[in-house]
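Down below is the structure, laid out as structure tokens.
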Amino acid sequence: MAQTKRKKAGIGMLAALLLATTLAGCSKDNNKPSASGSASPNASASGNTSPAASEANKPDISKKVTLNWYLLGDAHKDTEKVVAEWNKMLEQDLNTTVKLNFTSWTDWQTKYNLLLTSGEKIDMIFASSWADYYKFAKKGAFMDLKDLLPTYAPETWNTVPKQDWDDVSVGESIFAVPSTFPEYTPDGIVYREDWRQQLNLPEITDLNSIEAYLDGVKKAKPKVIPINGKAWNEQFYLFLSNFDFKQIGGDSGLIVAKSYDTPRDIVAYPFTQEFEDWVKRMKTWAQKGFWSSNTLSDQQEAGDGIKTGNGAVYWRNPAGAGGFINDLKKSNPDIQLGYFPFTRFHNYATPNLSINNGMAIPKSAANPERSLMVLDKLRNDPKYFNLMTYGIAGLHYDDLGDGKHIVVPAKGQDPKVVTKYDIASWGWRYEPNMRSEEGGWDGLDKLNEEFKAESKPNIFAPVLMDYQEVKTQVTAVNQVFQQYGQPLMMGLVSDPEKALATYREKLKKAGIDELLAYVQKQTNAYLDEKGIQ
Amino acid sequence: MKTERSTQVFNVAGYLILTLISLLCLLPFLLIISGSFTAETEILADGFKLIPNDFTLLAYKAVFSEPGQILKAYQVTILITLCGTLVGLFLTSMTGYVLSRKDFLYRNQLSFFIYFTTLFSGGLIPWYILIVRYLDLKDSYLSLVLPALVGAWNIILMKNFIKSIPESIVESAKIDGAGDFTIYRKLILPLSTPGLATIGLFMALAYWNDWFSANLFITSGDKYPLQFLLYKILASAAVLKTNIAGNLSADMKPPAETLKMAAAVVVTGPIIFLYPFVQRFFVKGLTIGAIKG
């Protein structure tokens, strides 16, 4: 009896506690909207005054403005501090403050889409070809900056190369400010260099030497699976690069141009002789155990295999390889890694489009002029650039003063507490202001030199395709590709010749020919427009 | 009292099967917990194990390197769940009561109007525009509470439940001079506790598990609810596996497998301990409802 009473009292107390917390919570909750409500009239009021400002030669900044900016990804844990610092400077120089928002990576495409289609008041947003810049630009989601740039971002207008402005032009309009950072992200592989030397295997220079390397590793270390994890990327990009098949418009699936020099010669690669030879070769690779038989469903990254000493090869672009190699230097200093970029198959590299990263102003912006002025400062003034890109000097980094390198974190800071300041700052990259980290993998700089020397313009990425007319074919072809194409290319079928015949037949049925015709048409239209033969 | 042999056999078999099934249900949790205590390299090398060779607390140290964030997220989630559920229950039960009263002339039309919204919805973009542009709730706790506050389905449930309370009770109270709100508060609410418990459970679970509205509307980190925080950790790992990763800076690293497990334990753990206590409450409420019909 006494016990039940006590229990009841316990429940009663809990209920009281819950009620108390609820009430406290509700009252806290009520304060919030009023705070945000008072901020908004401010922004809209200032929007009315700005058109008048555009008349004057020297932009009028007498009105204090709060801008709303959006970046992709997540904030750093010190972002608040950094932005507060930035706002202090902005307030002084431009009478402006910026509220910096992040989309976070959760479902970011949906969110990005909503931000641009809902007409939310946003003054600047990250834009990129891989975040559908061209699609949104064509739909009219961004503001045309052509007339604003010379007045409000004069330095940027003059320092961005003409070619880069061309990249972001859609028709006669410019919808974004591209980053100025010629970047090469060709495919390539990271491999265990120490094993190569130890086993006396040939230097990696071409497909045969890669095969010899994988074979040598597998024979000498039977327990090692050379590509330990999902080996699809390693294999697929090797295939494309080896034959110089170029994907069009970013990722065109099975349709490729046959080589860089013949951009109009477009084929579906499964129907080529090269593909036939390739799948036969891959069959032998799979048989030799270069990857496991469940490789297509494996969710492990091949890089993890290297970390544990059970793998030898990992597909990365040069920057990614740099990060991976730096990482491993710290965690497994006994492992020596090498890098082989696939550009060496045909000895040329194409830079990314300038709009691979950039900043754009949505149509709904309240203060586009001020936003451009902020961006101009951010890109070109090293004080601004360093703060927002590398964090607070003396805390997140130390400038070495050679104009090239920084130390992360600053001297006397505990690297466990102060982590490298890293947000999605790619949109305002400007090469002369960029610094690399002291003590990083030096191979990256050398590779970039190599790429620059053999650079050819990127003519395939800007081809804009939305696949609207051939939607059903795309879905059907993708399905066939996953069901028949992937196992075939990974050498996981018993009879490659038979499987190839089935694959080709299924592709025909799925409508690969219509898809090919569509890509051909779009590519021709683009090449005609740009005057490329 | 002696039970028959067949009953005994049945009981033994039943217990055995149920034990097996519950063990199967427990296994994934065990894997998460043991995974969170395993060294990262061990997971990479041999995969997950029930009993780790190498016991380590590193993942938890990483999770609690910023304990403020998780505590804050807990606070937000609890606040939203409590506020949302209590206010929601109040509104839902009131609507249900009004719709169940026979002397409300347009009750059928209004019921249909509410029911109608379950058949059609404006979709994501109009919803987003409404909340962000017209209600101006971006980055406000209200954007997490308001959308799920009153659900058509819950109102219909509540209305049907209140219908089962005899009309004469209301009438007798009226004769005694009670006003409509007093009747609702003093008679209807206490009599419909089983219904309130059921709907309250639905709502509380919905609020607790909701990460999507936070994903859309919350932009400042200190307002993230718990589920979204967890989801965010996993999502940034997923992004690194797509080809966007090539464009990202090389320093962005996926969270380690063990960290994911530890985060899951930290986020779900306390609720699991709380559940048996709260559950008893609900089961009691539900069975009372069942007996009374």
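In nm, give the distance between the simple-model label positions of residue B:23 and residue A:471, each being 7 Å from the Cα along the Cα-to-Cβ direction.
Here the answer is 5.1 nm between the modelled labels.
How many nm separate the modelled label positions at residue A:449 and residue B:33, each set 7 Å beyond the Cα in the direction of the Cβ?
Label at residue A:449, label at residue B:33, 5.7 nm between them.
Among the listed pairs A:230/A:420; A:64/A:146; A:223/A:288; A:288/A:506; A:230/A:307; A:329/A:446, give every one whose C-alpha distance is greater than 22 Å. Kindly include the intermediate steps, with their values, before the conclusion.
Numbers: A:230/A:420 30 Å; A:64/A:146 25 Å; A:223/A:288 13 Å; A:288/A:506 29 Å; A:230/A:307 15 Å; A:329/A:446 19 Å.
Check vs 22 Å cut-off fails for A:230/A:420; A:64/A:146; A:288/A:506.
FRET efficiency for residue A:287 and residue A:251, Cβ-Cβ distance as r, R0 = 51 Å, nearest 0.05? Walk me through the intermediate numbers first.
Details: r = 30 Å, r/R0 = 0.58.
Here the calculated transfer efficiency is 0.95.
Answer rounded, prolate or oblate for chain B, using the Cα gyration tensor with square roots of eigenvalues a ≥ b ≥ c: rounded when a/c is under 1.5, else prolate when a/b is larger than b/c, else oblate. Let's see the in-between values first.
Values: a/c = 2.71, a/b = 1.39, b/c = 1.96.
It comes out oblate by the Cα gyration axes.
Would you please name the trypsin sites (Lys or Arg not before Pro) within the range A:209-292 that are DSSP coil residues with at most 10 other C-beta atoms within 10 Å of their C-beta? Don't skip to the answer; put the middle values down first.
Working: sites: A:218, A:219, A:223, A:230, A:246, A:258, A:264, A:280, A:281, A:283, A:288; in loops: A:223, A:230, A:288.
For trypsin sites (Lys or Arg not before Pro) across the range A:209-292 that sit outside H, G, I, E and B with at most 10 neighbouring Cβ atoms in 10 Å, the list reads A:223.
Highest GNM mean-square fluctuation, chain B, Cα pairs closer than 10 Å: which of B:257, B:40, B:171?
Highest fluctuation of the listed residues: B:171.
Which lysines does residue A:508 reach when only Cα atoms under 18 Å apart count, and residues fewer than 8 places away in its own chain are ignored?
List returned: A:471, A:498.
How big is Rg to Rh over the range A:367-513, alpha-carbon atoms, Rh as the Kirkwood inverse-mean-distance radius?
Details: Rg = 24.8 Å, Rh = 20.6 Å.
Ratio of gyration radius to Kirkwood radius for the range A:367-513: 1.20.
Students often get this wrong, so check it: of A:81/A:383; B:102/B:163; A:121/A:383, which have C-alpha atoms separated by over 18 Å? Before the final figure, lay out each step's value.
Numbers: A:81/A:383 16 Å; B:102/B:163 10 Å; A:121/A:383 28 Å.
Beyond 18 Å between Cα atoms: A:121/A:383.
Below 8 Å between Cα atoms, with a sequence gap of 6+, how large is the relative contact order for chain B in percent?
Reported relative contact order: 28 percent.
Would you work out if chain A is rounded, prolate or oblate? Take a ≥ b ≥ c from the square roots of the eigenvalues of the alpha-carbon gyration tensor; rounded if a/c is under 1.5, else prolate when a/b is larger than b/c, oblate otherwise. Please list the in-between numbers first.
Numbers: a/c = 1.62, a/b = 1.35, b/c = 1.20.
Prolate, because a/c is 1.5 or more and a/b exceeds b/c.
Could you tell me the relative contact order of the range A:395-506? Use alpha-carbon pairs under 8 Å, at least six residues apart, and round to a whole percent.
Values: 64 pairs, mean separation 17.8, N = 112.
Computed over the range A:395-506, the figure is 16 percent.
Classify the range A:201-314 as rounded, prolate or oblate, taking a ≥ b ≥ c as the square roots of the eigenvalues of its Cα gyration tensor: rounded when a/c is under 1.5, otherwise prolate if a/b is larger than b/c and oblate if not.
Values: a/c = 2.20, a/b = 1.82, b/c = 1.21.
Cα axes put the range A:201-314 in the prolate bin.
Considering only B:43, B:165, B:175, give the residue with the highest GNM mean-square fluctuation for chain B, with springs between Cα atoms whenever their separation is below 10 Å.
Judging by the Gaussian network model, the answer is B:175.
Could you work out the local net charge near residue A:354, counting Lys and Arg as +1, Asp and Glu as -1, over the other residues with Cβ closer than 12 Å to its Cβ? Each step should come with its number before you reach the end.
Details: positive: A:162, A:429; negative: A:164, A:166, A:167, A:183, A:431.
Spelling it out: positives minus negatives among the neighbours equals -3.
Taking the DSSP beta bridges in chain A as the whole, what percent of them are antiparallel, to the nearest 5? Kindly include the intermediate steps, with their values, before the conclusion.
Numbers: 25 of 39 bridges.
In chain A, DSSP labels about 65 percent of beta bridges as antiparallel.
What residue among B:216, B:130, B:18 shows peak mean-square fluctuation when chain B is described by a Gaussian network model with Cα springs under 10 Å?
B:18
Given the options A:178, A:84, A:427, identify the residue whose Cα lies farthest towards the positive end of the charge dipole of chain A (+1 on Cβ of Lys, Arg; -1 on Cβ of Asp, Glu).
A:84
Using 0.36 nm times the number of residues separating residue A:438 and residue A:212, minus their current alpha carbon distance, what extension gain do you get?
Values: separation 226, 0.36 × 226 = 81.36 nm, distance 3.52 nm.
Taking residue A:438 through residue A:212 to full extension adds about 77.8 nm, to one decimal.
If I take all pairs of Cα atoms in the range A:429-521, what percentage of them are more than 18 Å from each other?
Numbers: 2867 of 4278 pairs.
The share of Cα pairs beyond 18 Å in the range A:429-521 comes to 67 percent.
Only Cα pairs under 8 Å and at least 6 apart count here; give the relative contact order of chain A as a rounded whole percent. Intermediate values should be presented prior to the final figure.
Working: 805 pairs, mean separation 109.4, N = 533.
Over chain A, the number comes to 21 percent.
Work out how far the C-alpha atoms of the range A:112-211 reach from end to end along every principal axis, then list the three figures in whole Å, largest first.
61, 33, 22
To the nearest 20 Debye, how big is the dipole of chain A about its Cα centre, given +1 on the beta carbon of each Lys and Arg and -1 on that of each Asp and Glu?
Details: 61 positive and 66 negative charges, 464 e Å.
Dipole size: approximately 2220 debye.
What's the center-to-center distance, using Cα atoms, between the range B:1-62 and the range B:123-171 in Å?
Spelled out, the Cα-based centre of one part sits 40 Å from the other.
Quick one: if the Förster radius is 30 Å, what FRET efficiency do residue B:8 and residue B:268 give, using the C-beta to C-beta distance and rounding to 0.05? Don't skip to the answer; put the middle values down first.
Numbers: r = 38 Å, r/R0 = 1.27.
With a Förster radius of 30 Å, E is 0.20.
Read the figures in this text as sums done on the coordinates, not as results from a lab. What you are looking at is a predicted structure, and each value in this text was computed from that prediction instead of being measured. For neighbour counting, all protein chains shown are included, and Cβ atoms are generated from backbone atoms with ideal geometry for every residue, glycine included.
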